[in-house]
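Notes follow once the structure below has been shown.
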Amino acid sequence: MSTTITAMRREIDEIPDAVARQLEQGHAARRQAAEAAVALDPAFVITVARGSSDHVCTFLKYAWELALGLPVASVGPSVASVYGARLRLERGFCLAVSQSGQSPDIVAMTRNAVRDGARAIAITNDPASPLAAAAHQTLAMHAGPEKSVAATKTFVTSAVAGLGLLAEWRGDDTLRAALNALPACLAEAARIDWPELRECIRGAPSLFTLGRGPAWAISNEAALKFKETCRLHAESYSSAEILHGPVSIVDEGFPVLAFAVGDAAEAGLTEVADRIAGMGARVFVTAEQAGGQAHGARPIAHRRTGHPLTDPLALIVSFYAMVERLARERGIDPDTPRHLRKVTETV
């Protein structure tokens, strides 16, 4: 295994400072966006994104639906960029997320959402990008330069921007406090890298990741990063879906990583994790109450944050630390994924 410090690892270590910067420097913009949202009183929210940014939107979908009672749906960017369709978006709120803010289809869908009556907010690391110009307002990620192709800092800072907007929108002091405490939690989470999981999957050809609710978005992001950095086939499922067919490919020793957080879905997810372990899979779960059966899931180290909506962000930071090390143990440079580049521009 190479001992060279990768750009990905350096950027994982920068996440706590980037989040602190986002919370401090982005506060005024979040408050302004929240005031506009309250004035609009939207009937629904649409999201526009791809890749890791789309996983951020899935995370925020659950957070906003749970906290605001608003339906949130992802709209395919090709609706605008390829098909040129109009949508009925009056009294709609549009959230567009892109690290670079340059992808033509994301920009086109955001521009069309504004044309069709929605209030559009862009979350991007480049406030001078075309996406920022297309939206009514921009929430800058404040992540600083991200050189690794695999997004880490920008995933977390964009999620924090969305949670911060939610906290201001609702006037939620409990969530504000959890966000302010988050940098210290993430610094601890970055020191967790799950050696028992790495040992299990180092030579595996395939695995499952699981989650539910906001943690399902973390499962989706994890499956993508396994592919990007380790060339390892991973599929993400909700714990509510895994038993409806996918579990049939599980055999003895099949690796499963289950993301549990301190919310109402935790008990059900860990129960499913135990059931799959009973089928012969090697299941690792970020919960203490797993392993209730003789051959149940194995709890692994995790850093809880004191709030169910910030718990998932600590989990993804620990996952990033693990997958970066796993890639190097497999002889792969996680900074240079095969066939990929940092900015992907799709039409």
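Here are a few things to note about the model shown:
- Length-normalised contact order for the chain - Cα pairs under 8 Å, 6+ apart - percent: 20
- Around GLY280: net Lys/Arg minus Asp/Glu count, Cβ-Cβ under 9 Å: -1
- Candidates per chymotrypsin sites (Phe, Trp or Tyr not before Pro) in the stretch 59-95, loop by DSSP, up to 14 other Cβ within 10 Å: TYR83
- Environment charge at ARG86 (Cβ cut-off 10 Å; Lys +1, Arg +1, Asp -1, Glu -1): +1
- The charge dipole of the chain, taken about its Cα centre with unit charges on the Cβ atoms of Lys, Arg (+1), Asp and Glu (-1) only, comes to about 660 debye.
- Binning the C-alpha pair distances of the stretch 7-183 at 10 Å intervals from 0 yields a P(r) profile of 11, 42, 36, 11, 1 %, listed from the shortest bin outward.
- Secondary structure note: in the chain, about 0% of the DSSP beta bridges are antiparallel.
- The loop-placed trypsin sites (Lys or Arg not before Pro) in the stretch 198-293, going by DSSP, that have at most 14 neighbouring Cβ atoms within 10 Å of their Cβ come out as ARG202, ARG231.
- Against the rule of thumb 2.2 N^0.38 Å, how large the Cα Rg of the chain comes out: 0.96
- Remark: spin-label model distance HIS244-ARG198 equals 3.6 nm, labels positioned 7 Å along the Cα→Cβ axis.
- The stretch 195-300: C-alpha gyration tensor shape, a/c 1.5 cut-off, then a/b vs b/c: rounded
- Added length on full extension, which subtracts the Cα-Cα distance from 0.36 nm per residue, GLU329 to SER206: 42.6 nm
- Summing charges over neighbours of ARG298, with a neighbour being any other residue whose Cβ is under 11 Å away from its Cβ, gives -1 when K and R count +1 and D and E count -1.
- Cα centroid separation - the stretch 49-112 against the stretch 114-185, whole Å: 14
Read-outs: derived from the displayed coordinates by stated rules, not from any lab. Bear in mind the structure is a predicted one, so any value in this text is a computation, not a measurement. Positions of Cβ are backbone-derived with ideal geometry, glycine not excepted, and every protein chain shown enters the neighbour counts.
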